[in-house]
Amino acid sequence: MIPIIVTHWGQSQPKLTALEDHLRENFVPSWSYYFGFPGRGLKTRKLPKEHYHMDPDELRGKYIGQNITHWSLWAMLKNSGERHGEESWNIIEDDMRFVDGWSDIYHDVMEDIPHDWDMVFFGNCNTSDKGLEKVTDNIYKGAGLCLHWYMLNRKCLDILLETNKLCRARMDAQMWYESYPHLNVYSVLPTLATQHNTELHP
């Protein structure tokens with residue numbers, strides 16, 4: 001399996017332990033951690049001549065922390081990939097949960113994914129109104145929202161870093177507006193992962 005990185009914001013240890021138990025129960029052999037920035041106390045300042053996809057006054061705290069965490073993770077992976085020849089990674093958030101039967105579909109997708117892929121969303125939400133185009137039984141061109149499990153290709157990192165260096169919205173929405181038009185993104189449907197204790201819209 002392509003290397004897995006767990007993004008963790010320093011919440012309660014039981015939350016992280018629950019994810020670790022879940023990964024082991026699903027025969028995931030190994031993973032590493034990226035400890036993110038919680039964002040507590042941070043808020044944005046609206047800059048003149050810049051555009052935003054949500055009210056900057058509401059873009060604060062954990063939203064900024066998530067943006068900083070994913071952006072800094074990409075920067076680290078760019079450096080690591082260039083130094084060590086790594087090409088792709090699975091990124092999961094610490095509340096991710098696999099759905100039943102995910103493994104067989106995952107392996108099918110890895111065989112069938114188009115060669116031009118930049119990002120693949122195994123976990124997703126809010127896809128029904130995004131105009132996704134069917135490629136295979138489970139692979140669709142395009143993406144919705146949510147970042148609880150995605151796979152990225154090293155070749156897309158420059159675009160992700162450039163298009164997300166200013167906080168304009170929550171990171172998943174900002175990527176949809178700013179990054180995906182420049183990338184080959186694919187979604188796996190039905191989703192292979194949910195978020196613990198979170199209701200996601202299809």
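The values are calculated or read from the model by the stated rules, or taken from the named source; none is laboratory data. Treat the numbers as computed from the prediction; the structure is a model and nothing was measured. Because the Cβ atoms are built from the backbone with ideal geometry, glycine has one as well, and the counts that use them run over all protein chains shown.
Quick notes
- Pairs with Cβ under 8 Å, 6+ apart, first in the stretch 1-25 and farther than 23 Å from residue 71 by Cβ and touching a residue at least 60 places away in the same chain (Cβ under 8 Å), second among the β-branched types (Val, Ile, Thr) and in a loop (DSSP other than H, G, I, E, B): 1/28
- Restricted to the stretch 41-70, and to residues there that are surrounded by fewer than 17 Cβ atoms within 10 Å (Cβ to Cβ) and hydrophobic (A, V, I, L, M, F, W, C), the residue that is nearest to residue 160 (Cα to Cα) is 54.
- Residue identified as in a helix (DSSP H, G or I) and not basic (Lys, Arg) among 152, 157: 157
- The one condition in (1) more than 27 Å from residue 22 (Cα to Cα); (2) among the aliphatic types (A, V, I, L, M); (3) outside any loop (DSSP other than H, G, I, E, B) that residue 120 fails to fulfil: (1)
- Residues of the stretch 161-176 that are surrounded by fewer than 18 Cβ atoms within 10 Å (Cβ to Cβ), touching a residue at least 12 places away in the same chain (Cβ under 8 Å) and over 16 Å from residue 63 (Cα atoms): 161 alone.
- In the stretch 114-126, of all residues being touching a strand residue (DSSP E or B) at 6+ places or on another chain (Cβ under 6 Å) and of a type outside the set (Phe, Trp, Tyr), the one that is surrounded by the most Cβ atoms within 10 Å (Cβ to Cβ) corresponds to 124.
- Residue check for residue 166: within 30 Å of residue 20 (Cα to Cα) and of a type outside the set (Asp, Glu): no
- The number of residues in the stretch 11-40 that are in contact with a Gly (Cβ under 8 Å, 6 or more places away or on another chain) and either modelled with pLDDT of 95 or more or loosely packed, with under 14 Cβ neighbours inside 10 Å (or both) comes to 2.
- Candidate set: the stretch 130-147, residues that are in contact with a Leu (Cβ under 7 Å, 6 or more places away or on another chain) and in a loop (DSSP other than H, G, I, E, B); chosen: the one nearest to residue 104 (Cα to Cα): 138
- Taking the listed residues 89, 74, 102, the one that is surrounded by 13 or more Cβ atoms within 10 Å (Cβ to Cβ), farther than 24 Å from residue 170 by Cα and not acidic (Asp, Glu) is 102, with no other qualifying.
- Evaluation of residue 110 against (1) modelled with pLDDT under 95; (2) out of contact with any Cys (no Cβ under 7 Å at 6 or more places or on another chain); (3) not small (Gly, Ala, Ser) (one fails), failing number: (1)
- The stretch 108-117, subset in a helix (DSSP H, G or I) and among the acidic types (Asp, Glu), residue nearest to residue 182 (Cα to Cα): 112
- Selection status of residue 191, touching a Pro at 6+ places or on another chain (Cβ under 7 Å) and surrounded by 20 or more Cβ atoms within 10 Å (Cβ to Cβ): no
- Of all the numbered requirements in (1) closer than 19 Å to residue 161 by Cβ; (2) at pLDDT 90 or above; (3) part of a helix (DSSP H, G or I), residue 105 misses one, and that requirement is (1).
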